[in-house]
Amino acid sequence: MYVAFIDESGKPTKKELTPFVLASLIIHDFQLNDLKRALNDVRLRHGLDPSTEFHARDIVHGKRGFEKISMEKRKSILDDLFNVLKSLDATLISVAIIKKYVVSSSEPDSSVRFRLESLAYELLVERLILFLEKQKRSEWMLLVIDETYSRHDINIRRNIERTVTQGFYASRWPASKRVFCQPLFAPSREYEGLQLADIVAYTVFKIYSDKPKSAIFDFKEYFEEIKDKFDKCKDGRIIGCGIKDYTV
């Protein structure tokens with residue numbers, strides 16, 4: 001069975017001009033223990049607490065457990081996490097919602113948030129099903145999503161179920177029958193796959209932002225390191241399959 005870990009970066013609101021990004025890390029279920037060991041090795045190598053969660057924004061800005069760690073060491077930690085990503089037999093798929101017209105609209109921000117998030121999940125789930133369509137083995141896929149709060153998660157669950165069962169494109173593909181319509185919402189501290197999905201989401205977020213490079217963290221370079229992990233279309237393109245950008 002495939003497990004698609006899903007996390008986000010940025011916010012689906014018109015108040016922030018930066019993009020809203022969803023990213024998924026797709027691996028086989030038998031790799032879960034190997035993934036846990038790999039991230040535990042990173043924690044051990046850098047003398048981190050075994051309960052340390054890896055989130056790219058926290059590592060870059062020195063927050064939530066990384067406050068007292070030097071920038072150079074935080075860079076080394078992030079380097080090691082990208083090495084884990086490179087070593088995995090995994091596929092990455094991401095969606096980037098680019099805000100252009102919506103920021104000047106009169107639409108209430110609550111409505112914008114719901115619309116952009118729904119659109120992002122619809123586009124992501126479509127590509128997850130396309131990924132399944134291309135596999136030679138008829139395996140199932142479970143979606144694992146970083147939990148937030150109950151009402152929000154319920155909305156996401158309904159949107160995914162609607163996309164899988166009624167989506168104009170997705171529901172027509174045979175592989176849609178092998179996607180569990182009810183995703184698992186879980187705390188990222190318990191799933192290393194969610195933590196790596198966060199790092200992928202933040203990388204794509206930075207690539208579509210104005211400043212992908214800082215004095216020490218170069219996310220263009222990081223993206224190049226994991227570029228080959230993104231799903232590809234039949235003609236070898238990443239854009240459209242591995243990464244879908246959509247302007248609203």
Cys residues of the chain counted as unpaired, since no other Cys beta-carbon is under 4.7 Å: Cys181
Centre separation in Å (Cα based) which lies between the stretch 192-248 and the stretch 93-135: 16
Kindly provide the GluC sites (Glu not before Pro) of the stretch 60-124 that DSSP labels as loop, not H, G, I, E or B, and whose Cβ sees at most 13 other Cβ atoms within 10 Å. Glu67
Could you please state how large a percent of the accessible area of the stretch 1-136 is carbon and sulfur, counting protein chains only and using a 1.4 Å probe? 51
How much accessible area per residue does the chain have, counting only protein heavy atoms and a probe of 1.4 Å, in square angstrom? 50
Anything in the chain that counts as a DSSP H helix reaching 18 Å or more along its axis (C-alpha) with Kyte-Doolittle mean of at least 0.5? List them, would you? 192-207
Per DSSP H run of n ≥ 4, the term is -39500 (n - 2.57); total these for the chain, divide by its residue number, and report the mean residue ellipticity at 222 nm rounded to 500 deg cm²/dmol. -13500 deg cm²/dmol
The stretch 96-248: relative contact order as a whole-number percent, Cα under 8 Å and 6+ apart: 30
Set of aspartates and glutamates near Lys14 by C-alpha distance (under 16 Å), chain-local residues within fewer than 8 positions excluded: Glu107, Asp109, Glu117
Which value, in Å² rounded to 10, gives the accessible area of Glu161 with a 1.4 Å probe and all protein chains present? 80
In a Gaussian network model over the chain where Cα atoms closer than 10 Å are linked, find which of Ile98, Ile69, Ile77 has the largest mean-square fluctuation. Ile69
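The values are calculated or read from the model by the stated rules, or taken from the named source; none is laboratory data. On a predicted model such as this, the values are computed, not experimentally measured, just so you know. Every residue, glycine among them, receives a Cβ derived from its backbone with ideal geometry; neighbour counts consider all protein chains shown. Side chains included, ligands, DNA and RNA excluded: accessible areas come from the protein's heavy atoms. Shrake-Rupley method; radii C 1.70, N 1.55, O 1.52, S 1.80 Å.
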